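Have a look at the structure below, then the notes.
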């Protein structure tokens with residue numbers, strides 16, 4: 001497989017068309033579900049690329065967290081309401097309750113089905129502090145918002161939103177979902193998949209296309225920078241989890257002490273009462289405005305930065321999976337090459353049949369048997385290679401397309417986060433200013 | 001005796017215009033001949049008023065313009081490093097006449113300023129004497145150093161010392177003091193001159209003053225109120241300064257952390273295609289924002305210094321009140337003493353024992369005194385009573401005099417304080433407004449950059 005240095009959509013589309021054509025040739029030989037999935041994926045990508053539409057027809061809200069206590073454990077569920085006009089759905093409105101584990105399950109299924117699509121990260125599973133933090137109000141609210149964003153991003157994705165498991169997640173009642181979870185590839189086949197994946201990652205990829213190496217470098221740096229920005233934002237504003245107070249919060253505490261002292265002072269004075277009380281008023285106003293500023297920054301900016309720190313990890317995982325797919329393909333190609341070499345060797349050496357000769361076998365016959373076996377194996381390999389070649393092609397293309405999509409989203413999110421930050425800070429200064437303006441008019 | 005000397009002068013002086021009480025007048029030319037002039041301070045009623053009732057500052061330009069580090073041996077013969085301040089003076093006339101002559105100058109160190117102030121405190125106890133800038137840095141926050149050698153501290157102290165001199169020089173009473181004039185103009189031997197005045201002997205001991213505070217029977221209500229006010233002022237300003245230091249520290253942190261944004265944006269812009277430019281320029285604005293805090297906090301420090309001056313002024317106020325208590329106490333003691341002496345005389349004369357006394361008991365037990373002994377005792381008593389009466393008279397006069405003079409200066413101080421603090425508060429608010437305007441500017445620019453990403 002050649003790497004493509006330019007990613008003009010014409011070439012990509014051309015490739016896709018070629019892929020579809022190839023696949024249609026293999027259609028009669030389809031015998032596994034994932035081949036079918038690959039086929040559907042390609043068709044959808046084709047459609048997506050040509051049409052480039054983003055019509056939102058699935059609206060989801062995640063709200064109303066509730067505590068549930070069973071004999072074994074305590075957990076929180078969230079209400080998930082779906083409103084849709086899609087024909088794939090039987091009804092136009094659904095309401096279900098889901099817990100964090102269900103979201104995790106969904107993410108896992110989506111990753112399995114679409115290994116090289118970029119899926120929004122979920123909020124973190126555990127908090128550093130310990131078990132009790134799970135039930136803290138702030139924490140639950142932050143998590144709820146993140147879960148809301150998670151499902152909506154999936155709903156907006158042209159491929160992911162049509163995923164069957166996603167539909168089940170949105171519509172099934174609790175017991176239905178439980179039984180659905182139990183279906184799917186059995187334990188053994190899943191284990192086989194894992195083994196293959198591990199083997200592939202150990203082998204490593206030989207000829208990774210240039211653009212994916214570039215992507216890797218980008219993600220490395222991006223993740224670093226996001227981590228730093230996340231820390232900076234939390235340094236300025238109160239971090240919801242840590243007991244350590246931060247700059248603005250301590251500033252606020254100091255200012256809160258100031259106002260009353262000026263008021264107290266005004267009680268001792270006669271001539272200075274007016275300006276002292278005015279300053280006390282300004283300071284109290286400043287405190288109120290600062291609290292609004294802190295709330296604004298905590299709600300908007302901090303979560304977005306944090307999400308993109310997690311995103312960097314998601315991206316790394318996606319790139320790894322792509323690499324694994326390519327590695328698998330490469331290993332088959334290597335295997336084929338070594339079989340070919342074996343076949344060549346058959347013609348030239350008799351040494352391996354000496355032993356067979358001791359057992360009374362006809363060396364010529366044994367040779368022919370071996371050759372036949374090799375031919376058979378090579379044929380199988382070639383088929384598999386063909387299949388894997390398509391898989392790699394598909395994976396690369398979906399990743400490339402989704403990468404662009406992710407970048408657009410990221411730019412939009414980051415831009416809006418920082419514009420919000422600028423707005424919050426501007427409003428802060430404007431409001432403080434407004435109260436102070438009464439001062440200079442005071443007569444000396 | 002001192003008491004009679006005072007009475008004599010009382011008789012001589014006219015009762016009007018006692019507000020200006022000071023030393024004898026002098027002309028610059030007489031300075032070097034008058035080194036023996038003793039200064040007697042408040043108890044001296046000067047018949048000669050000042051030729052012009054104009055404070056020194058109107059006639060002379062004063063500034064503390066430079067600082068220098070020196071090394072030398074101190075009292076225990078150890079090497080020390082200290083700072084000296086250059087005092088420059090120039091007669092105002094020199095400039096108005098179109099010429100500008102070079103100013104006279106001399107170097108003084110902080111301890112000499114302290115000596116001058118202590119002298120003024122003792123010599124003019126009824127005046128609210130301007131304070132010196134703090135001896136050691138108090139109410140610091142992390143950026144400010146507590147080190148006395150730190151250049152910022154030295155600079156702020158220079159300004160404070162100049163302010164002190166200007167305040168003294170503009171005071172109608174203090175500015176006329178000879179020792180003050182010499183401080184500004186006499187390079188060598190000034191210290192000796194000060195010590196020669198013997199002012200240290202006149203300083204009231206702390207213990208005496210404390211004693212008086214608790215024993216005064218009829219405290220003057222106005223002074224009690226004044227003392228409460230000075231306590232409240234001190235408490236309130238201390239609280240403010242303490243909180244302000246904490247707030248300044250945090251504000252500094254908030255601004256500086258935004259500098260980190262600038263750095264990360266810059267690094268991040270290197271890997272972005274479309275967002276790169278926007279990030280880069282936004283980063284510059286973040287850096288500018290972080291840097292702007294230095295100016296803001298410098299102005300805030302100036303405001304804090306203005307508050308500090310009045311914090312230390314409250315100490316001066318308290319000193320005036322304490323002195324009054326002492327005088328009042330001495331008056332009460334003198335009066336009490338007189339009463340008891342008169343009683344004793346009565347007893348001796350009439351032979352009755354009104355109050356229990358050991359003498360009375362012993363005389364009863366061991367027999368009465370001889371008439372000669374009694375005569376002698378009576379005579380001594382009579383003398384003492386006469387003295388006592390005089391003492392009471394002078395103490396009374398002292399007290400009244402003190403109260404009158406002090407109250408004039410207290411009124412002056414109140415006016416000055418109200419004016420100064422009002423200005424300080426207003427300029428603080430103005431400074432806040434300017435800080436907000438800068439903030440709005442920076443974030444508007446940053447927003448533009450972000451929007452273009």
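Readers should treat all values here as calculations from the given coordinates under stated rules, not as data from a laboratory. Every value quoted in this text rests on a predicted model; they were computed, and no experiment measured them. Because the Cβ atoms are built from the backbone with ideal geometry, glycine has one as well, and the counts that use them run over all protein chains shown.
What's the average, rounded to a whole number, of partner chain beta-carbon atoms within 10 Å of each residue's beta-carbon in B:276-284? Intermediate values should be presented prior to the final figure.
Working: counts 0, 0, 4, 3, 0, 0, 2, 0, 0.
Taking the mean over all residues of the peptide, I get 1.
Take peptide B:254-261, look around each residue's Cβ out to 10 angstrom, count Cβ atoms belonging to other protein chains, and average those counts.
4
Separation between the residue B:273 and residue A:404 pseudo-spin-labels, each 7 Å from Cα along Cα→Cβ, expressed in nm?
Those two pseudo-labels are separated by 0.9 nm.
Given a Förster distance of 56 angstrom, what is the FRET efficiency for residue B:215 paired with residue B:82, based on the Cβ-Cβ distance and rounded to 0.05?
Values: r = 42 Å, r/R0 = 0.75.
Here the calculated transfer efficiency is 0.85.
Could you work out how far apart the two model spin labels at residue A:66 and residue A:85 are, taking each label as a point 7 Å from the Cα in the direction of the beta carbon, and quote it in nm?
About 3.1 nm separates the two model spin labels.
What translational diffusion coefficient, to the nearest whole µm²/s, does the range A:58-184 have by Stokes-Einstein, given a Kirkwood radius computed over alpha-carbon pairs, a temperature of 20 °C and 1.002 mPa s viscosity?
140
Name all residues of the range B:400-421 having a backbone nitrogen under 18 Å from the label point set 7 Å from the Cα of residue B:208 along its Cα→Cβ direction, giving them as ranges.
Label zone hits: B:400, B:402-403.
So how much slack lies between residue B:67 and residue B:452, counting 0.36 nm per residue of separation and subtracting their Cα-Cα distance, in nm? Don't jump to the answer; show the numbers that get you there.
On the way: separation 385, 0.36 × 385 = 138.60 nm, distance 5.14 nm.
Full extension of this stretch gives 133.5 nm more.
Using a Förster radius of 41 Å, what is the FRET efficiency between residue A:273 and residue A:231 based on their Cβ-Cβ separation? Nearest 0.05, please. Kindly include the intermediate steps, with their values, before the conclusion.
Details: r = 46 Å, r/R0 = 1.12.
Efficiency for this residue pair is about 0.35.
Pop the C-beta distance of residue B:373 and residue B:185 into the FRET formula with R0 = 41 Å and round what comes out to the nearest 0.05.
Efficiency for this residue pair is about 0.05.
Using Cβ contacts closer than 10 Å as the measure, can you line up B:322, A:405 from fewest to most?
A:405, B:322
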